[in-house]
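A short worksheet on the structure shown next.
Taken together, the values in this text are just the output of simple stated rules run on the coordinates, not laboratory data. Values in this document were obtained by computation on a predicted structure and should not be read as measured data. Cβ placement follows ideal geometry from the backbone for every residue including glycine, while neighbour counts extend to all protein chains displayed.
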Amino acid sequence: MRDENFCNSNCPFTRAIGTIGNKWKPIIINVMGSRTIRFGQLDAIIPHITRKVLTEQLKELEEDGLLERMAYKELPPRVEYKLTEKGLAFLPILEAIKVWQSKFEIISSQQ
């Protein structure tokens, strides 16, 4: 039996997973942390992500209000990204996920 609450866009869990629930967004947010960072730095730090996918993910994170894009009218053009208050609020959640994973890695290695 399907629980329609989880299929509904009014469900907070469904909306949250829709915002951050893919492979790259949590990684991007984690790498950014509380610093301002340029596109090229993100591209260099995050392995195995194409520039196209990185661009798409940054646009979606901006649209969802998790990061701010700052473009400077310089030559060559300079673009920087930083997490918004909403994005910064996600950092402790990522930390809790890392702690959770570490706990089970320790348990697995002891068996």
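Taken as entire DSSP H runs, the helices of the chain that both span 20 Å or more between Cα atoms along their own long axis and average -1.0 or more on the Kyte-Doolittle scale are 85-110. Applying a DSSP loop filter and a limit of 15 other Cβ atoms within 10 Å to the chymotrypsin sites (Phe, Trp or Tyr not before Pro) in segment 52-102 leaves nothing.
Our helix-only sum for the chain, with -39,500 (n - 2.57) per DSSP H run of n ≥ 4 divided by its residues, gives a mean residue ellipticity at 222 nm of -18500 deg cm²/dmol. Annotation note: trypsin sites (Lys or Arg not before Pro) in segment 40-106 located in DSSP loop regions with a Cβ neighbour count of at most 16 within 10 Å are Lys73.
Pairs exceeding 18 Å between alpha-carbon atoms, taken from Lys25/Lys86; Lys25/Lys73; Lys59/Lys86; Lys25/Lys82; Lys23/Lys98; Lys25/Lys59: Lys25/Lys73.
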